[in-house]
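These notes concern the structure reproduced below.
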Amino acid sequence: MQSSRELAAFGVQQKAVLLSLQLPRTGKHILRIALLTAPKLTYYDLRHILRDFEKRKYIQCLNTNEKTGRIYKLTRLGNQLAIHIDSSFKQEPLPAGIDWNIYARVCRSNTLESVLLQLSVTHFGTERKTPTQIRKQLLEKHPMSLSLTIRAITSLVKTGLVCSAMSTSKDGRLSYYTLTPKGRVYVGLLSL
């Protein structure tokens, strides 16, 4: 365990970053959470803190081969340090069956993340949605073209997070999309 002097040297920003890692997160998500307690934290500061924490073995990168969208989790030492800083801190266990490279890809893209999260929202009692419905529901928060929505859905289908179904109506054939069980696990991680 660290000496009291070393813990005292931890600033507000370092503590905020450490305590934001209850689950594995990308830098973007760590920053979003840490800003709640350290409002002056910048992405530049975060990069230096993460690099320092990796050297000290407080955190570990789950997808080291990625240049962007790296996922970080606390090590045992980092967890002990977080508990020492805040006794109510509890690190969640790693979810099973997560491909961290796919997770990083979804987190890196605001469009993929928005579409995936929107598919988890039920609309009029159904989880099946057309690309047009998804786009309309996202217009206020994340405006995008229909072609961009379709590209995002196609990408999510290829990763196995979303599946498609065809339906025939008097207007013609419609493609509906819904989350797979694997997609629900990823949405659960993104929602926290």
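Taken together, the values in this text are just the output of simple stated rules run on the coordinates, not laboratory data. Since we're looking at a predicted model, the values are computed, not measured. Counting neighbours? That spans all protein chains shown, and the Cβs are built from the backbone with ideal geometry, glycine included.
I need the trypsin sites (Lys or Arg not before Pro) found in region 80-182, filtered to DSSP loop residues with at most 14 other beta carbons within 10 Å of theirs.
K90, K141, K170
Give the value in nm², to one decimal: projected area of the alpha carbon convex hull of the chain, averaged over all directions.
Computed as one quarter of the Cα hull surface, the answer is 12.7 nm².
So for the chain, if I pair up every lysine 8 or more residues apart or on another chain, how many of those pairs have alpha-carbons under 17 Å apart?
Summing the qualifying lysine pairs gives 13.
How much mean residue ellipticity at 222 nm does the chain get from its helices, if each DSSP H run of length 4 or more adds -39500 (n - 2.57) and you divide by all residues, to the nearest 500 deg cm²/dmol?
-14500 deg cm²/dmol
Please state the relative contact order of the chain as a whole percent: Cα pairs under 8 Å, 6+ residues apart?
Once normalised by length, the contact order is 17 percent.
Using Cβ counts within 10 Å as a stand-in for footprinting exposure, how do H142, H29, H48 rank, fewest first?
H48, H142, H29
What are the residues whose amide H is under 5 Å from the amide H of T130, where those residues sit 5 or more places off or on another chain and H is modelled from the backbone?
Those lying under 5 Å, H to H, from T130 are Y177.
Can you list the GluC sites (Glu not before Pro) in region 104-146 that are in a DSSP coil and have 16 or fewer other beta carbons within 10 angstrom?
Hits after loop and neighbour filter: E127, E140.
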